[in-house]
Amino acid sequence: MLIESVLAGAVRGGTSMLYPVLGETIAERSGVINLGTEGCMLAGALAAYVVGIETGSVWLGALAGAAAGAALALVHAFMVLSRGSNQIATGLVITFLGLGTTALFGQSYVGQGVNAFAAVPVPGLSEVPFIGRVLFDHDPLTYLSLVAAVVTWFVVFRTRTGMKLRAAGERPEVLEAFGLSPVRIRYVAVVVGGSLAGLGGGQLSTAFTRNWSENMTVGRGFVAVALVIFAAWNPLKAIGGAYLFSGAIALQLELQARGSEISKYLLQAMPYVTVIVVLAVMSRRQLQRSPESLARVLG
Amino acid sequence: MSVETSVHPFDDEPIDEPVDESSQGLTTGAAGLTPGDGTSVTSLASGGAGWGHASAVLRWTFALSAAVVLYGAFLATKGADPVTALEAMWESAFGSTNNLGETLVRAAPILLASLAVVVPARAGLFNIGGEGQLLMGAIGAHGMAMALDGALPRPAALVLAGLGGAALGAAWAAIPVLLKLFTATSEAITSLLLNYIAALVLTWLVFEPWKDPASLGQAYSRELDTTTRLPVIWGERVHLGIVVALIAAVFVWLALRSTSWGFRLQVLGGNEEAARRAGFPVARLTIGAMLVGGALAGLGGFVELAGVEGRLRPEILGGYGYVAFLGSWLARHDPLKAVVASVMLGAIVVGGFGLKIATGLSGGAVDVLMALVLLAILGFAQPRGAR
């Protein structure tokens with residue numbers, strides 16, 4: 001069953017994408033773009049892996065992953081919000097910092113097996129043909145990521161906190177008029193975003209690949225930033241975005257396994273091509289749907 | 001035109017002190033903040049009083065020293081003696097004529113790829129695709145060299161191979177800028193993602209169609225013949241490509257400074273609306289800036305292939321495009337300062353080899369130093385408006 005394998009693979013591999021897309025959605029809703037998401041994911045991947053090995057607890061590992069992502073994002077927030085440095089350049093520097101630090105501290109952990117997150121089939125539902133394998137036979141962080149998407153959507157669009165977050169990104173002067181600090185809100189949003197990216201990295205190393213290697217995210221964090229646009233800054237649509245990329249990965253792996261005529265190296269490029277093509281097709285419409293101030297500035 | 005305006009230019013009102021300037025840069029593209037602001041801000045910062053210049057030097061010295069000290073502390077956490085480690089890095093980058101030569105050899109592709117960031121930045125574009133454009137340049141140069149197959153005399157063969165690299169680099173850069181103009185997709189994001197695709201195309205070529213039949217375990221392409229190798233001009237390794245890179249830097253400097261093209265790019269980068277009202281061909285200028293950038297990076301790929309490597313392998317030029325992006329920001333998008341920045345970054349790359357021998361720390365260690373230097377410069381050394 002090609003479709004079943006691809007969809008199951010999309011969900012399994014998409015979790016490590018969904019967390020950073022959600023995180024970056026929160027950060028960008030507040031008005032800050034963080035290309036350091038890639039670095040936050042790497043930091044999270046290594047921290048979760050190491051803490052998982054050292055303590056024997058995958059959950060402590062996941063927590064450490066989130067903390068590491070948050071720590072790196074805090075540097076980005078400080079540079080951008082308190083030192084006024086350029087967001088794009090700083091984000092790439094943050095990624096460099098994450099790449100270098102994890103390469104150094106991960107050196108001795110390469111190839112060590114981790115005490116990994118196991119799949120927890122949902123009783124009953126996982127027996128359902130097709131749907132069971134696609135949706136209900138995954139590790140706990142995968143179920144949690146879907147909950148996180150719904151919760152993020154609710155918080156962003158249905159709560160006071162979410163209103164402040166969106167105001168910080170769209171009409172900071174309104175916040176000021178109410179005596180609130182847009183800068184503080186942005187700090188929180190960027191750090192929360194980084195922690196989700198770190199958690200996504202942690203899922204990648206402790207549940208998906210179950211291994212650590214240098215630069216193991218290979219651009220997933222950058223793709224996440226692209227998928228935020230695809231998802232039009234909407235946490236629920238982020239699910240589709242994350243699974244689109246991981247679905248493309250699953251499809252090319254499946255094609256490789258079935259002995260496709262196309263070179264495996266070119267198949268590996270397919271997920272990145274997919275993201276660029278989808279963005280190109282959808283960008284203009286997404287930008288129209290985006291917050292008013294965004295449309296206003298773009299004219 | 002800057003990426004923030006296309007990705008999410010949320011705030012166009014100053015919020016409070018710290019965010020004030022950056023938020024203006026995000027949205028209005030105020031002259032002081034878009035990537036194309038290099039010269040204007042420099043002149044503001046250092047122009048006029050000698051005091052301003054002195055304080056800038058002080059700020060830079062302080063920021064750089066802080067970065068190095070922090071890095072030393074960082075190395076200490078890995079059990080390395082910071083002084084020994086930093087000495088080993090310095091020694092390996094500048095310790096002898098040959099080591100200095102190695103630093104210059106590394107600086108050449110970094111400089112060309114930095115210029116590939118500088119020119120688009122002048123027009124308000126973010127080119128983060130230098131990595132992919134470098135690789136495409138190496139591929140184009142290699143393809144041309146194989147097609148010529150030693151049939152032409154060396155000068156002609158070298159020029160054609162260089163053109164092949166520049167052309168493919170420019171073609172690769174055309175993708176993000178055309179997507180930006182026709183579909184409003186952020187060129188920062190697409191150029192960045194294209195790096196991963198370029199790397200896979202290179203891997204494919206080297207492992208499959210262009211694989212040297214003689215290569216067994218480690219895949220590489222056939223070796224260039226002597227007509228397409230850049231001559232060594234100094235010491236053992238310093239090749240003509242360094243001169244090519246320096247000439248390119250001077251050309252870019254002159255073109256941006258003294259031609260109407262450079263002036264128009266500057267206006268476009270400062271305020272797209274103003275450029276439109278002045279009747280400038282905005283789309284053509286935008287495409288042109290990016291293509292010139294891609295061609296420069298492509299030339300960088302050629303220089304590394306023809307001057308150093310001689311054949312393609314999957315790891316060729318790994319990471320240089322990102323280093324060069326940092327270099328352009330270090331130089332505040334000034335072509336001549338980019339020369340200094342590239343030598344400095346080349347020295348850090350070469351220093352990393354010394355560090356590895358002296359302490360056994362992985363190559364990633366130098367990424368940390370580059371990041372710290374950049375954080376110090378971006379956040380602390382430059383006057384606020386210029387960050």
Test result for residue B:117, part of a helix (DSSP H, G or I) and either touching a Cys at 6+ places or on another chain (Cβ under 9 Å) or within 14 Å of chain A (Cβ to nearest Cβ) (or both): yes
Just a yes or no: is a residue in region A:122-129 at pLDDT 90 or above and either assigned to a helix (DSSP H, G or I) or open to solvent by less than 70 Å² (accessible area, probe 1.4 Å) (or both)? no
Can you name the condition, by its number, that residue A:292 falls short on among (1) at pLDDT below 90; (2) more than 7 Å from every other protein chain (Cβ to nearest Cβ); (3) within 16 Å of residue B:186 (Cα to Cα)? (3)
Looking at region B:327-340, I want the residues that are closer than 19 Å to residue B:123 by Cβ and touching a residue at least 24 places away in the same chain (Cβ under 8 Å) and have a partner that is in a helix (DSSP H, G or I) and of a type in the set (Lys, Arg) with Cβ atoms under 8 Å, at least 6 apart or on another chain. Which pairs are those? B:331/B:337; B:333/B:122
Name the residues in region A:213-253 that are in a loop (DSSP other than H, G, I, E, B) and within 13 Å of another protein chain (Cβ to nearest Cβ), would you? A:213, A:214, A:215, A:216, A:217, A:218, A:219, A:231, A:232, A:233
Complete set of residues in region A:100-110 that are more than 7 Å from every other protein chain (Cβ to nearest Cβ), modelled with pLDDT under 90 and touching a helix residue (DSSP H, G or I) at 6+ places or on another chain (Cβ under 9 Å): A:109
What about residue A:97, is it within 21 Å of residue A:42 (Cβ to Cβ) and either away from every other protein chain (no Cβ under 14 Å) or open to solvent by less than 40 Å² (accessible area, probe 1.4 Å) (or both)? yes
Out of the helices (runs of 4 or more DSSP H) lying entirely within region B:271-387, which hold 1 or more residues that are within 11 Å of chain A (Cβ to nearest Cβ) and farther than 22 Å from residue B:186 by Cα? B:320-330, B:335-359, B:364-376
If residue A:90 passes every condition in (1) open to solvent by 20 Å² or more (accessible area, probe 1.4 Å); (2) within 14 Å of another protein chain (Cβ to nearest Cβ) but one, which one does it miss? (1)
Any chance you could count how many residues in region A:30-57 are touching a Leu at 6+ places or on another chain (Cβ under 7 Å) and open to solvent by 20 Å² or more (accessible area, probe 1.4 Å)? 1
Do you know which residues across region B:198-241 are within 25 Å of residue B:294 (Cα to Cα), assigned to a loop (DSSP other than H, G, I, E, B) and among the hydroxyl-bearing types (Ser, Thr, Tyr)? B:220
Complete set of residues in region A:217-259 that are buried (at least 21 other Cβ atoms within 10 Å of the Cβ) and farther than 25 Å from residue A:281 by Cα: A:217
Among the helices (runs of 4 or more DSSP H) lying completely within region A:140-185, list those that include at least 1 residues that are touching a residue at least 60 places away in the same chain (Cβ under 8 Å), open to solvent by 50 Å² or more (accessible area, probe 1.4 Å) and of a type in the set (D, E, K, R). A:160-170
Among all residue pairs at least 6 apart or on different chains, which show Cβ distances below 8 Å where the first residue, located in region A:262-280, is more than 22 Å from residue B:179 (Cα to Cα) and the second is open to solvent by 10 Å² or more (accessible area, probe 1.4 Å) and outside any helix (DSSP H, G or I)? A:263/B:208; A:265/B:208; A:267/A:260
Any idea which of (1) more than 30 Å from residue B:99 (Cβ to Cβ); (2) in contact (Cβ under 8 Å) with a residue 60 or more places away in the chain; (3) in contact with a Lys or Arg (Cβ under 9 Å, 6 or more places away or on another chain); (4) surrounded by fewer than 18 Cβ atoms within 10 Å (Cβ to Cβ) is the one residue B:289 doesn't satisfy? (4)
Working only within region A:254-269, note down all residues that are within 11 Å of another protein chain (Cβ to nearest Cβ) and part of a helix (DSSP H, G or I). A:264, A:265, A:266, A:267, A:268, A:269
Please name all residue pairs, on different chains or six or more residues apart, with Cβ atoms under 8 Å, provided the first residue is in region A:112-131 and is on the phi > 0 side of the Ramachandran plot and the second residue is of a type in the set (Asp, Glu). A:130/A:4
So residue A:60 passes all but one of these: (1) more than 14 Å from chain B (Cβ to nearest Cβ); (2) open to solvent by less than 60 Å² (accessible area, probe 1.4 Å); (3) of a type in the set (A, V, I, L, M). Which condition number does it fail? (2)
Could you please let me know if residue A:197 is more than 14 Å from residue A:12 (Cα to Cα) and not aromatic (Phe, Trp, Tyr)? yes
Number of the condition not met by residue B:258 [criteria: (1) closer than 20 Å to residue B:187 by Cα; (2) without any contact (Cβ under 8 Å) to a residue 60 or more places away in the chain]: (1)
Within region A:143-162, is even one residue touching a strand residue (DSSP E or B) at 6+ places or on another chain (Cβ under 9 Å) and not aliphatic (A, V, I, L, M)? yes
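The values are calculated or read from the model by the stated rules, or taken from the named source; none is laboratory data. Note that this is a predicted model, so its numbers are computed, not measured. When we count neighbours, we look across all protein chains shown, and the Cβ atoms used for this are built from the backbone with ideal geometry, even at glycine. Surface accessibility is based on the protein's heavy atoms, side chains included, excluding ligands, DNA and RNA. Shrake-Rupley method; radii C 1.70, N 1.55, O 1.52, S 1.80 Å.
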